[in-house]
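The structure under discussion appears below in the form of structure tokens.
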Amino acid sequence: MELFHYIFFYISLFIIFWGMIGYSLSIKVLGRLYKYRKTSKDYNYEPSVTIMVVAHNEEKVIYEKLNNIVRLVYPKDKIKFIVASDNSTDKTNEIVENFILENPDENIKLYRVKKRMGKTNAQNEAQKLVNTDYLVMTDANSMLDYNSVKELMASFTSEDICYVTGRLAIVNEKEGSVSKSESSYWSKDLRIREIESKIQTITAGNGAIYACRNSEYYDFEPLKSHDSNMPRYYALKGKKAICNHDAIAYEKAGEVINDEFKRKVRMNRRILKNILPDIRILNIFKYKWYSYFYFGHRTCRYLLWISHILLFMSNAFLIVDTWFYLFTFVGQVLFYFLAVLKAVSKVDNKYLNIIYYYCVTIIAQWVGVYNMLTGKVKPFWDKAESTR
């Protein structure tokens with residue numbers, strides 16, 4: 001039995017270390033090895049584009065969003081707009097209709113989704129109306145930089161590039177401990193994606209701003225988000241999903257922990273299936289760097305929830321062996337104590353904030369697992385009001 005304690009301890013320790021520290025360090029090394037590889041752009045490439053905005057009860061931001069997208073720098077005869085209203089029951093549809101009447105020179109359509117089944121379903125339905133070469137997706141509360149579409153299109157420099165994601169810039173990163181922690185995590189993740197993109201392909205995108213070839217669009221089931229599934233879908237087809245961080249979307253991060261917790265629970269609604277969603281990912285001979293990227297950037301992170309509990313429990317049985325196991329156990333207890341201290345005291349300390357935010361992320365994974373096992377997963381969610 002003691003052998004199993006050792007096995008669980010060291011496997012769990014490795015997953016946590018590799019997922020949160022080791023992988024990012026290895027990516028930095030790879031970035032230096034591939035530092036001369038550049039991502040090309042062609043600003044003369046200006047294909048036809050449709051900007052799609054999915055909205056459910058977004059009356060607070062939809063007017064600003066519409067004003068934002070019609071001012072994008074792109075040839076007017078090559079850009080169209082469609083708002084996929086996911087069974088909105090507030091004034092969203094009315095605001096969009098009035099905007100269309102007030103701006104007759106803009107090619108804007110409103111598509112009403114009759115039954116609310118979430119963002120992915122709304123995208124699937126509205127995409128059937130798209131006849132342009134490319135489709136750009138963006139959220140209702142994300143404001144696009146005026147050159148963002150031009151940047152996204154410039155990145156489609158070869159036929160094997162099917163997906164390009166931009167950079168989400170958090171505009172309220174200094175407003176509170178929650179937004180500070182999210183901004184810190186996101187900045188680190190963006191640096192990893194840049195290197196993955198330069199070497200081969202990214203493992204996930206971002207819902208605030210991304211583009212895909214309309215001919216390569218795939219109808220994912222409503223529970224699957226484009227953020228995680230599109231890049232993987234293209235990678236397994238031998239195609240590429242890359243990032244262009246000069247294509248920017250601006251958005252507020254959640255300023256209260258409840259909003260951020262709900263968002264992370266939503267992100268983990270398919271966590272068990274995303275650990276290893278397709279056995280083909282393990283074929284490193286065929287998928288090369290993508291297999292390595294997915295294991296470090298996705299699989300290990302999706303296993304954090306179980307790794308932490310197994311590490312703690314196995315460590316508890318091993319503390320009598322040597323001082324090393326006593327030290328690691330005390331370290332874990334102290335780590336969780338500091339998270340509780342932050343939750344109770346509300347002290348604004350950089351390191352306490354990071355520890356607390358990390359523990360909230362792990363708890364959100366556990367809730368995601370619970371929802372999956374109990375059949376409580378929904379394809380839609382309540383938006384975070386603090387991000388509006």
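Read-outs throughout are calculated quantities, based only on the coordinates presented, and are distinct from any laboratory measurement. On a predicted model such as this, the values are computed, not experimentally measured, just so you know. In this analysis, Cβ positions are derived from the backbone assuming ideal geometry, glycine residues included, and neighbour counts consider all displayed protein chains.
Summary table below
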| quantity | calculated |
| --- | --- |
| Region 156-264: GluC sites (Glu not before Pro) in DSSP loop, at most 15 other beta carbons within 10 Å | Glu159, Glu175 |
| Derived scalar couplings ³J(HN,Hα) [region 102-109; Karplus, 6.51 cos²θ - 1.76 cosθ + 1.60; whole Hz; x for Gly, Pro] | 6, 10, x, 7, 9, 8, 10, 10 |
| DSSP beta bridge pairing in region 49-285, given as percent antiparallel to the nearest 5 | 25 |
| Interchain or long-range residues, amide H under 5 Å from Ala169's placed H | Ala249, Tyr250, Glu251 |
| Helix 304-318 axis, angle to the chain major axis (alpha carbon atoms, nearest 10°) | 0 |
| Helix axis angle, 323-345 relative to the chain longest principal axis, alpha carbon, degrees | 50 |
| With Cα atoms, 0 to 90° folded angle of helix 23-33 axis to the chain main axis | 60 |
| Placed amide H near Tyr111: partners under 5 Å, 5+ positions off or other chain | Val83, Ala84, Ser85 |
| 5 angstrom amide H check on Ile161, placed H, neighbours 5+ away | Lys240 |
| Highest average packing first - 309-319, 35-45, Cβ atoms within 10 Å | 309-319, 35-45 |
| Radius 14 Å from Cβ of Ser215, net charge of other residues (Lys, Arg +1; Asp, Glu -1) | -1 |
| 24 Å Cα-Cα threshold exceeded, pairs from Lys188/Lys240; Lys252/Lys273; Lys41/Lys264; Lys65/Lys273; Lys119/Lys350 | Lys252/Lys273; Lys41/Lys264; Lys65/Lys273; Lys119/Lys350 |
| Principal axis box of region 296-388, alpha-carbon based, largest edge first, Å | 50, 34, 25 |
| Sequence-distant lysines (8 or more away, or on other chains) whose Cα lies within less than 16 Å of Lys78 | Lys109, Lys150 |
| Cross-link partners of Lys383 among aspartates and glutamates (Cα-Cα below 15 Å; sequence separation of 8 or more within a chain) | Glu58, Glu59, Asp86, Asp90, Asp139, Glu251, Glu255, Asp259, Glu260 |
| Chymotrypsin sites (Phe, Trp or Tyr not before Pro) within region 113-169: DSSP coil, no more than 14 neighbouring Cβ in 10 Å | Tyr146 |
| Loop-located GluC sites (Glu not before Pro) in region 12-87 whose Cβ has at most 12 other Cβ within 10 Å (DSSP) | none |
| 20 Å cut-off, amide nitrogen to a point 7 angstrom out along Phe285 Cα→Cβ, residues in region 236-274 | 236-239 |
| Reach of Lys35 by Cα under 17 Å, taken over lysines that are not fewer than 8 positions away in the same chain | Lys198 |
| Region 266-340 and region 21-92: distance between their alpha carbon centers, rounded to Å | 32 |
| Cα Rg, Dmax, region 49-285, angstrom units | 17.4, 56 |
